[in-house]
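The values are calculated or read from the model by the stated rules, or taken from the named source; none is laboratory data. All of these numbers come straight from a predicted model, not from anything done at the bench. Cβ placement follows ideal geometry from the backbone for every residue including glycine, while neighbour counts extend to all protein chains displayed.
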Amino acid sequence: MCPRMAPKERAWTALEHREPDRVPIFEPWMHTIIIEKILHRPFTGVHDMIEFYKKLEIDFVPISFGAPKGWKPKFLDDKVFVDEWGRKWRCQKGAIWDMFGFYIEGTIDTPEKFDEFEFPDPLAPGRTDDLEIALKAVGNEYAVMGAVDQGIFERAETMVGLGKFLLYMYEKPSFVRKVLEQHYKFSLELGKSYLDAGAEFILIGDDIADNHGPFMPPRLYEEFVHPYSKSLVESLKRRGAKVIRHTDGNLKPIMNYILDMGIDGLHPIQPEAGMDIAELKQTYGDRLTVIGGVDVAKLLPFASEDEVEKEVIDVIREVSPGGGHILASTNSLHSFVPDIDKFVKNVLRYVETAHKYGVYPIKS
Amino acid sequence: MNKEESLKNVKQCLLAFDRDGIRTVVNKALNTGIAPAELMKELKEGLGEIGAKYEKGEYFLSELVVSGETAKAALAVLAPHFGVGQQKLGKVVIGTVEGDIHDIGKNIVSTILLSSGYEVYDLGVDVKSSRFVTEIKERDADILGLSALLTSTMMNMKRVILDLKKAGLRNNVKAIVGGAPLSETFAKEVGADAYVRDAPEILKTIDNLKEEQQRVP
């Protein structure tokens, strides 16, 4: 049966935990080299991202926010620069965004420095330029998303430094709250501006866990982070948005809070962190659309194309029936792989398989 | 306050993550004549309990960080009380490899080793291979700890181990690697002696290596 829904309707239906015409696909982050290999041309910006999603018929088009017009990173030497949040980065060729690289450290690491710091303006001209381009180009057809990347906790901890930020939860709790509050306000204003620009889908990326578990015990998560995360989701949903939340890691100890946040979908459900997408779907599928299933740690970099196809068919048969499943790699399409061409071929096979075998009703 | 109570207080402060409190109780304990080694033993036991809870999933990263800082506060009070020639369990040179700046796990490992009676030379982050080699030679270290969190930098561990071989020092040290993207297989591939999955496993790993060494005829 030929798919009959537009990607946007398909995405919306899956996020309502119902069966669309086929399983939608979601790939929010990738190294530009992947885009270049697929489009066979150098990456130049948002237009190439849109082309990439169109070419692979990937249903979601997530677009992050830009720096204010005219803002330039401060370079400390030819490779290391400081971003808007006082964070040091080392340039990395082919990173997800032009100047994005490896995070080195946060420098706003004391209450005094934070008080002196001029916090970035979420509504500065330039923030939604790329999103507006995407909405204009494919917004009627595709699920164009405004991405609140690094959301509240992740942006806060990278600004201060994770070790210090965790320590301050015990020793300087009012400072931690103050930093989180500012990032909450930034994320909320940014999210609202996305919706004002016409986006109907929001992606909140905000890592709060590693493979072992959340960075902090559930009681501290509840005390410091959850109220802001929940309020952000609620405010955006009240305005009619569908909200997908991304966080790496093992979330099992705080799953009740993840559900309480009220998100529509959870990404990327990492198997190496002990997260099982089939189990999650079975337990919470009526409330949460599960997004993931295509292993990016072992399968996509190392398996044969046929093995990829088999695995994608297996996950579709196990998780997709009944709806509420969106296929995605289990983190991002990164280039930290021994053979990039093999990886790209496997990504293409995964997407082809999803188109072919993800058509509802799913055949067993 | 008797000796038993003083020691118990030290451990209690550690388990309560009380940095100010632990400085006071360690000072008091020293003033009443309790040997630094006995206080170290309490710290080691306390960190062991915290590590065990982390491994069981009852504790989380923030608890490792804050307990590590609490132990460090106690160690700073204890340090001047250790005499020259004090028997150490071993000398460790540790650092995050070149190109990588992640240090939370490495710092916790350093603190656990310090609290357990090892002499630790923590070289920090983004450490060049040549610096590891020089420090191992100069310190006459017997354990090398290499940390990396990025898949793109973990191959620099191999470089350090190769450079040690070239310098004729490989057999002098047990090389232990740690970091999220690593595995047992990777440790073997780069020629390390062991892999530590989580920081609290470090003491067990070193004990296993020592045991293996004794078994070798």
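Within region A:9-23, the residues that satisfy the criterion of being surrounded by fewer than 22 Cβ atoms within 10 Å (Cβ to Cβ) and closer than 21 Å to A:Gly293 by Cα are A:Trp12, A:Thr13, A:Glu16, A:His17, A:Arg18, A:Glu19, A:Asp21.
Can you tell which of B:Thr185, B:Thr153 is without any contact (Cβ under 8 Å) to a residue 60 or more places away in the chain, assigned by TED's automatic domain parsing to the domain that holds B:Asp122 and surrounded by fewer than 13 Cβ atoms within 10 Å (Cβ to Cβ)? After applying the criteria, what remains is B:Thr185.
When the residues of region A:138-158 are filtered to those that are of a type in the set (Gly, Ala, Ser) and assigned to a loop (DSSP other than H, G, I, E, B), the one that is surrounded by the most Cβ atoms within 10 Å (Cβ to Cβ) is A:Gly151. Name the single residue, out of those in region A:237-249 being more than 24 Å from A:Met275 (Cβ to Cβ) and not small (Gly, Ala, Ser), that is surrounded by the fewest Cβ atoms within 10 Å (Cβ to Cβ). The extreme case among them is A:Arg238.
If the condition is being β-branched (Val, Ile, Thr), modelled with pLDDT of 95 or more, under 21 Å from the mean Cα position of the chain (by Cα) and within 20 Å of A:Val337 (Cβ to Cβ), then region A:279-318 contributes A:Val294, A:Val312. Scanning region B:69-95 for residues that are within 28 Å of B:Met154 (Cβ to Cβ) and out of contact with any Leu (no Cβ under 8 Å at 6 or more places or on another chain) yields B:Leu89, B:Gly90, B:Lys91.
Checked against (1) in contact (Cβ under 8 Å) with a residue 60 or more places away in the chain; (2) within 14 Å of chain A (Cβ to nearest Cβ); (3) not β-branched (Val, Ile, Thr), B:Ala37 passes all but a single condition, namely (2). Residues that are touching a residue at least 24 places away in the same chain (Cβ under 8 Å) and out of contact with any Gly (no Cβ under 9 Å at 6 or more places or on another chain) within region B:188-204 comprise B:Glu189, B:Val190, B:Gly191, B:Ala192, listed in sequence order. Scanning region A:124-174 for residues that are of a type in the set (Asp, Glu) and either in contact (Cβ under 8 Å) with a residue 40 or more places away in the chain or under 16 Å from A:Pro28 (Cβ atoms) (or both) gives A:Asp129, A:Asp130, A:Glu132, A:Glu141, A:Asp149, A:Glu154, A:Glu157.
Of the residues screened, A:Phe26 is one that is under 18 Å from A:Val290 (Cβ atoms), out of contact with any helix residue (DSSP H, G or I) (no Cβ under 7 Å at 6 or more places or on another chain) and surrounded by 23 or more Cβ atoms within 10 Å (Cβ to Cβ). Scanning region A:201-230 for residues that are in a helix (DSSP H, G or I) and touching a helix residue (DSSP H, G or I) at 6+ places or on another chain (Cβ under 7 Å) gives A:Pro218, A:Leu220, A:Tyr221, A:Glu222, A:Phe224, A:Val225, A:His226, A:Tyr228, A:Lys230. Which of the residues belonging to region A:159-200 are assigned to a loop (DSSP other than H, G, I, E, B), surrounded by 17 or more Cβ atoms within 10 Å (Cβ to Cβ) and away from chain B (no Cβ under 14 Å)? Correct list: A:Ala199, A:Glu200. Restricting attention to region B:114-144, the residues being under 12 Å from the mean Cα position of the chain (by Cα) and more than 15 Å from B:Ala175 (Cα to Cα) number 6. A residue that is within 14 Å of chain A (Cβ to nearest Cβ) and closer than 30 Å to B:Asn156 by Cβ occurs nowhere in region B:16-31. Among the conditions (1) farther than 20 Å from A:Ile58 by Cβ; (2) within 14 Å of chain B (Cβ to nearest Cβ), the only one that A:Leu300 does not satisfy is (1).
Rundown of residues vs (1) farther than 23 Å from A:Thr13 by Cα; (2) in a loop (DSSP other than H, G, I, E, B); (3) touching a residue at least 24 places away in the same chain (Cβ under 8 Å); (4) not β-branched (Val, Ile, Thr), yes/no style:
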{"residue": "A:Lys37", "(1), (2), (3), (4)": "yes, no, yes, yes"}
{"residue": "A:Thr44", "(1), (2), (3), (4)": "yes, yes, no, no"}
{"residue": "A:Lys54", "(1), (2), (3), (4)": "no, no, yes, yes"}
{"residue": "A:Ile63", "(1), (2), (3), (4)": "no, no, yes, no"}
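In the set (1) touching a Lys or Arg at 6+ places or on another chain (Cβ under 8 Å); (2) on the phi > 0 side of the Ramachandran plot; (3) surrounded by 21 or more Cβ atoms within 10 Å (Cβ to Cβ), A:Val308 fails one condition alone, (2). Among the listed residues B:Glu49, B:Glu42, which satisfies the condition of being closer than 11 Å to B:Ser115 by Cα, in contact with a helix residue (DSSP H, G or I) (Cβ under 9 Å, 6 or more places away or on another chain), more than 13 Å from chain A (Cβ to nearest Cβ) and not aromatic (Phe, Trp, Tyr)? Answer to the check: B:Glu42. Scanning region A:82-131 for residues that are among the aromatic types (Phe, Trp, Tyr) and either part of a loop (DSSP other than H, G, I, E, B) or at pLDDT 95 or above (or both) yields A:Trp85, A:Trp97, A:Phe100, A:Phe114, A:Phe117, A:Phe119.
Being farther than 28 Å from B:Leu182 by Cβ and either in contact (Cβ under 8 Å) with a residue 60 or more places away in the chain or more than 10 Å from chain B (Cβ to nearest Cβ) (or both) is a property that A:Ile244 has.
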